[in-house]
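The values are calculated or read from the model by the stated rules, or taken from the named source; none is laboratory data. Not measured: the values here are computed from a predicted model. Here the Cβ positions follow ideal geometry from the backbone for every residue, glycine too, while neighbour counts run over all protein chains shown.
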Amino acid sequence: MRPDEHGSAQVATLSCLAPTRTILIDRLRAGDTRALARAISTVENRAPGWSDLLKALFPHTGKARIVGLTGAPGAGKSTLVDQLAKHYRKQNQTVGIIAVDPTSPYTGGAILGDRIRMQDHYSDPGIYIRSMATRGSLGGLARTTADVATVLDASGRNRVLIETVGVGQDEVDIVRLADVTVVILVPGMGDDVQTIKAGIMEIADIFVINKSDREGAERVEREIRAMQSLDARKDGWTPPVVKTVASEGKGTSELAAAIADYEAYLQKENLAFRKNVENWQERLVEMLRDAMLDEARAQMDGGTLERYAAEVAEHKRDPYSLVEEIVRGIGELK
């Protein structure tokens, strides 16, 4: 698409928005936190107009640096995010925090709410915190986390920190979204690295050993180094190991420096754009899957799905041909 075509598409998108929605975008871009909260709620809840809102906001994105922090429950992720946010605020950078929490089986909302540990930031307009429920997402990331990050990016935040729910080896979805992925480990968690190296370890751009004042921190670092010696990364980067004691604020500056070093490495080696393309390939596939699933559900009421399930359960038809039939039906409707 040529630049003039891109501009025309943006104007067309804006023109189809209601005047109140256009005002919302203007206020969001101007730094209005209420407008930001409303936009995020619209996107997260898939309220009417959410798609048009994202279309209008997308041209304003691409400037925020997204840092994903993940690790096992109890690793101190929230405390470390809190300290990292304080560090960036001292540098006059604005910060958006997305805390992805487990879903309550009763309300469907985030169990940990808005994170008590981060309550000191609520008087600071330079930090915006949003808790999100996973709502059944197996990778620990809510389905709309990427969209919420887009809204925060469009609002002009310099940094977006995403703290994921931490569910072990399934916790790998973050790499499709983050520019930098930080994996947090702590001493004394069973076999430490050996228990999770087959999954979460491969996604790390930076390793953090939090609560490093505990016994066993040196052993965790040795295990990480041993693992790294077995398999070099394709991009040539060797993830550094940073030791922190987040509860005391120790090691935060070193972590921020390691993040900056990796970002500089990506730029120096011309890897940033390539990584972004790879991330978008994964995300586009995911978006297509979700869109097709929504379309399929829209074509079937509860009775139809129940009938199909009964036919398969009774072996009156096979599920593979049935799915192909449904997909063909969606294509014919287009």
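A few points about this structure:
- Options Thr107, Thr94; residue that is within 25 Å of Val43 (Cα to Cα), surrounded by fewer than 22 Cβ atoms within 10 Å (Cβ to Cβ) and modelled with pLDDT of 90 or more: Thr94
- Residue match in the stretch 61-77 (condition: on the phi > 0 side of the Ramachandran plot and at pLDDT 95 or above): no
- In the set Arg233, Arg225, only one residue is over 26 Å from the mean Cα position of the chain (by Cα) and basic (Lys, Arg); that residue is Arg225.
- Tallying residues that are closer than 18 Å to Gly329 by Cβ, assigned to a loop (DSSP other than H, G, I, E, B) and of a type in the set (Lys, Arg) within the stretch 299-317 yields 1.
- Filtered residue count, the stretch 44-53, keeping only those that are surrounded by 20 or more Cβ atoms within 10 Å (Cβ to Cβ) and under 11 Å from Val148 (Cα atoms): 1
- Positions within the stretch 124-141 being farther than 18 Å from Gln93 by Cβ and modelled with pLDDT of 85 or more, in sequence order: Ser131
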